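Below is one structure, written out as structure tokens; the observations come after it.
Each value in this text was obtained by applying a stated rule to the coordinates, not by laboratory testing. Note that the coordinates shown come from a computational prediction; the quantities given were computed from them, not determined experimentally. Positions of Cβ are generated from backbone atoms using ideal geometry, with glycine treated the same way; all protein chains shown enter the neighbour counts.
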Amino acid sequence: MMNGVEKTIAEDIATEEQLITPWTVSVSSGYTLLRDPRHNKGLAFTENERDAHYLRGLLPPALLTQELQERKLMHNLRQYEVPLQRYMAMMDLQERNERLFYKLLIDNVEELLPVVYTPTVGEACQKYGSIFRRPQGLYISLKEKGKILEVLKNWPERNIQVIVVTDGERILGLGRSWLPGIDSHKFIYRLHGMGIPVGKLSLYTALGGLRPSACLPVTIDVGTNNDKLLNNEFYIGLRRRRATGQEYAELLDEFMTAVKKNYGEKVLVQFEDFANHNAFELLAKYKPTHLVFNDDIQGTASVVLAGLLSALKLVGGTLADHTFLFLGAGEAGTGIAELIALEISKTGTNAPLEETRKNIWLVDSKGLIVSSRKGSLQHFKKPWAHEHEPIKGLLDAVKAIKPTVLIGSSGVGKTFTKEVVEAMASLNEKPIILALSNPTSQSECTAEEAYTWSEGRAIFASGSPFDPVEYNSKVYVPGQANNAYIFPGFGLGLIISGAIRVHDDMLLAASETLAEQVKQENFDRALIYPPFSNIRKISAKIAARVAAKAYELGLASRLPRPKDLVKYAESCMYSPLYRSYR
Ligand SMILES: NC(=O)C1=CN([C@@H]2O[C@H](COP(=O)(O)OP(=O)(O)OC[C@H]3O[C@@H](n4cnc5c(N)ncnc54)[C@H](OP(=O)(O)O)[C@@H]3O)[C@@H](O)[C@H]2O)C=CC1
Ligand SMILES: CC(=O)C(=O)O
Ligand SMILES: [Mg+2]
């Protein structure tokens, strides 16, 4: 079907690609151009372009602007009633016309975030792993051991700046509940977690302005312990029991070494949705030598700290005056707890971390974490094992600890019961309640429950979005406490400064910046996060503060330091507008 003529378009890539100037790219013409998502403009190709690039006859005569294409697509998307159909339509668009996909996502972020991200991406991984018609990232399995560098070279893009990698062991809060009892007709397995790095990276571009071509999604397959899958003839993953211990560590190590060798020291590797027994270890191991960031531990901590800092404007006092209780003591829970303790210790009190941790309590599947359990605790829980008698249930823990802030990070839905929320409301004039678990089905309570059971007094935010709630003739707008507020701007800050390592002070800087973006009109509605509609401006500000920290700490390699870091960050951001092919 080729028209037989190969022609090259040399494009000068404007501001968004200044990170690697001068840069030119070659694309095919004619039929191939229409099937190249990075350069296809569909009916927006001008008459001149249709002549110059052998497109005559390959398109209907109409000529649409990008705005009109956008309106038409939004109209079509809104016809779908099932969220998964919208998700699939967006994935199709991304594979067909990348700029239009990002234009839609950027201009309609509040409407489309729940489509390409939580909760729908969870459903996509869960039900329709195989809807990914074309591979959207790199699959690295134990079969590739010894050849990972070669595998990286198979990826068509060379200038990779961010990698989001998962081994699919804990996808959102769905891990345990959907992996063992799967429906064999739907072929769910860990590789379908590829939806997560793909989704996260689309936010890196839409919310943080990273170029799509600089983003690489990776899924690592070390096998499965699910017998149903192992015996399923249609299973497309590695047919062996899951590797652990040294075998697992060696594969990950080869991956990390190959990444640094192929892309250099400044490529950011974001670990996403690993189970906690690997997540903490990987972060600790590679933090001193690589630019690594664990979104579930660090990104979540930063976004929650931001929410708490802004909540102080509604409840008064400082963080040190508050008592925190977590349901869930894994990556999210202990990551947030540690960043709160660090912030209290660094601002104002100057108290050592051992002191500032004392007002922070965590409950895991066995109950309140207390010192008598110390011997049997995983290492990341030990700092939280305070003196107290053992307590089993959350309600009893609330009554005993009397928290002012209750945070759900267990991945188990409906655990903030009416009794729990009422207990919080009886202890506090304005109880802060954060139900972080994703997707919506795993949320500890709904927004409606939080507002109703607290008689409209709760300051509430959740990991997955909830619609506004009307209670007693007042409309409450719940915030979305999701790391999507942080990682895109955080990553941009690392990239524009050429940072070589991540430092906790950068996380604190990102939290403080995000908290500063909440305006009085938001506070008036008990909202502790700014609207996502401003996210690109917010990301530029977060990026600037993170970059400033990198320079201050001597971790930035891009010299000289730009004077105005916010302007610089904005100038580096990817624009989805079509370019003209001269
Ligand atoms: N909003 C956001 O931005 C983010 C939200 N999350 C969400 O947080 C949730 C947890 O993620 P993550 O921390 O990585 O998971 P982990 O597996 O690391 O931690 C889960 C924790 O919850 C505890 N737990 C499980 N079941 C119960 C129960 N019935 N009662 C009390 N505690 C329980 C576990 O206990 P034990 O240790 O005893 O097994 C563990 O401590 C997920 O739903 C995830 O989607 C995660 C990252 C970001
Ligand atoms: C938001 C996110 O990273 C998670 O739920 O895992
Ligand atoms: Mg995650």
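Of note:
- Taking the Kirkwood radius as Rh and the Cα radius of gyration as Rg, the range 353-488 has a ratio of Rg/Rh equal to 0.99.
- Kirkwood Rh in Å, taken over the range 438-565 so that all alpha-carbon pairs contribute: 16.0
- Given R0 = 25 Å, the distance between the Cβ atoms of Thr257 and Leu553 translates into a calculated FRET efficiency of 0.50.
- Dipole orientation for the chain: of the candidates Val475, Tyr139, Ser441, Tyr139 has the Cα lying most toward the positive pole (charges on Cβ; Lys, Arg +1; Asp, Glu -1).
- Measuring between alpha carbons in the structure, the pairs from Lys287/Lys402; Lys147/Lys285; Lys266/Lys567; Lys287/Lys549 lying more than 28 angstrom apart are Lys287/Lys402.
- Mean projected area in nm² (Cα convex hull; one quarter of hull surface) for the chain: 27.5
- Normalising the average separation of contacting C-alpha pairs (under 8 angstrom, six or more residues apart) by the number of residues puts the relative contact order of the chain at 14 percent.
- In plain terms, the bigger the Kirkwood radius, the slower the diffusion; for the range 537-582, with that radius from Cα pairs, at 37 °C and 0.692 mPa s, Stokes-Einstein puts D at 277 µm²/s.
- For the range 454-515 versus the range 380-447, the inter-centroid distance based on Cα atoms is 19 Å.
- Ignoring aspartates and glutamates fewer than eight residues from Lys563 along the same chain, the ones with Cα atoms less than 16 angstrom from its Cα are Glu552.
- Crossing angle, helix 98-107 versus the chain [Cα axis fit, 0-90 degrees, rounded to tens]: 40
- Rounded to 10°, Cα long-axis angle of helix 66-79 versus longest principal axis of the chain: 50
- Added length on full extension, which subtracts the Cα-Cα distance from 0.36 nm per residue, Leu58 to Lys147: 27.9 nm
- On a per residue basis, the convex hull of the C-alpha atoms belonging to the range 430-469 measures out at 54 Å³.
- Applying 1/(1 + (r/R0)^6) with r as the Cβ-Cβ distance of Asp227 and Glu387 and R0 = 45 angstrom yields a FRET efficiency of 0.50.
- For Lys392, the aspartates and glutamates whose Cα comes closer than 16 Å to its Cα, not counting residues fewer than 8 places off in the same chain, are Asp364, Glu419.
- Measuring how big the range 37-175 is from its alpha-carbon positions, Rg and Dmax come out at 18.2, 52 Å.
- Charge dipole (debye, nearest 20) of the chain; +1 at Cβ of Lys and Arg, -1 at Cβ of Asp and Glu: 900
- Per the Debye calculation on the range 73-124 with a single equal scatterer at every Cα and no solvent contribution, log₁₀ I(q)/I(0) for q = 0.16, 0.24, 0.29 Å⁻¹ amounts to -0.38, -0.90, -1.30.
- Per residue of the chain, the DSSP helices (runs of n ≥ 4 H) give a summed -39500 (n - 2.57) that works out to -12000 deg cm²/dmol at 222 nm.
- Straight-distance crosslink candidates among lysines, where the alpha carbon sits under 18 Å from Lys200 and sequence neighbours closer than 8 are dropped: Lys103
- Kirkwood Rh, Cα atoms: Rg over Rh of the range 298-400: 0.96
- The chain: angle of helix 418-427 to the longest principal axis, Cα-based, in degrees nearest 10: 60
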